[in-house]
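Written below as structure tokens is the structure these notes are about.
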Amino acid sequence: MITTEARPFWQRKSLAEMTESEWESLCDGCGKCCYRKFISGRGRRERLYYTRIACDLLNLETGKCGDYCNRFKLIDDCTKLTQKNLAQFSWLPDTCAYRLLYEGKPLFDWHPLISHNPNSVKLAGVMIKNGIHERDVIDWFEYVID
Ligand code: SF4
């Protein structure tokens, strides 16, 4: 039997109890939150659509921000995900560790905290393929993926 203390931090602590470094390590680096989304319709017809259109700072190959330290200065609507505002981030992809834990679900086996392999996210096919930067897009509707 595994004792409580032997369980990894994301299983024995709530999101609110995590230290800053634990919280940061939950991000698997998929980069999906840096792709544009839009909402269409109203009320019960409201629907969230994901696109292949990436923030201009995103490195499309690695899923990493190209200027992480200055992202809030450079991109008007870049928002920091924190323990306090997580509830407002219902648009996070269903693979995102923050959303999974918030919804009481386990992390996937390919999460680097479990796989101990920084490439496992890419190998699992989780990252968005054929992304394009926002600056190169004319018609957003061509890039809707869901
Ligand atoms: S979607 Fe979640 S796991 Fe992926 S980069 Fe964004 S915060 Fe990190």
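The values are calculated or read from the model by the stated rules, or taken from the named source; none is laboratory data. Bear in mind the structure is a predicted one, so any value in this text is a computation, not a measurement. Here the Cβ positions follow ideal geometry from the backbone for every residue, glycine too, while neighbour counts run over all protein chains shown. These accessible areas exclude ligands, DNA and RNA; they are computed on the full protein's heavy atoms, side chains included. Shrake-Rupley method; radii C 1.70, N 1.55, O 1.52, S 1.80 Å.
Among the residues of segment 39-72, count how many are of a type in the set (G, A, S), open to solvent by less than 50 Å² (accessible area, probe 1.4 Å) and closer than 17 Å to G131 by Cβ.
2
Going through segment 132-144 one residue at a time, which ones are in a loop (DSSP other than H, G, I, E, B) and exposed (fewer than 14 other Cβ atoms within 10 Å of the Cβ)? Give the derivation first.
At the first step, the residues of segment 132-144 found to be in a loop (DSSP other than H, G, I, E, B) are 137-139.
Matches in segment 132-144: I138, D139.
Could you list, in sequence order, all residues of segment 115-131 that are more than 17 Å from the chain's Cα centre (by Cα) and open to solvent by less than 70 Å² (accessible area, probe 1.4 Å)?
Within segment 115-131, S115, N117 meet the criteria.
Of all residues being of a type outside the set (S, T, Y), surrounded by 12 or more Cβ atoms within 10 Å (Cβ to Cβ) and not in a loop (DSSP other than H, G, I, E, B) in segment 73-103, which is farthest from the ligand (Cβ to nearest atom)? Just the residue, please.
Among those that are of a type outside the set (S, T, Y), surrounded by 12 or more Cβ atoms within 10 Å (Cβ to Cβ) and not in a loop (DSSP other than H, G, I, E, B), it is L74.
Take segment 1-34 and flag every residue that is among the polar types (S, T, N, Q), part of a loop (DSSP other than H, G, I, E, B) and open to solvent by less than 80 Å² (accessible area, probe 1.4 Å).
Residues satisfying the conditions are S14, T19.
Would you check if there is a residue in segment 35-42 being of a type in the set (F, W, Y), within 14 Å of the ligand (Cβ to nearest atom), part of a helix (DSSP H, G or I) and within 28 Å of D109 (Cβ to Cβ)?
no
Taking the condition more than 14 Å from the ligand (Cβ to nearest atom) and either at positive phi or over 17 Å from the mean Cα position of the chain (by Cα) (or both), does S14 pass?
Yes; evaluated as a whole, the condition is true for this residue.
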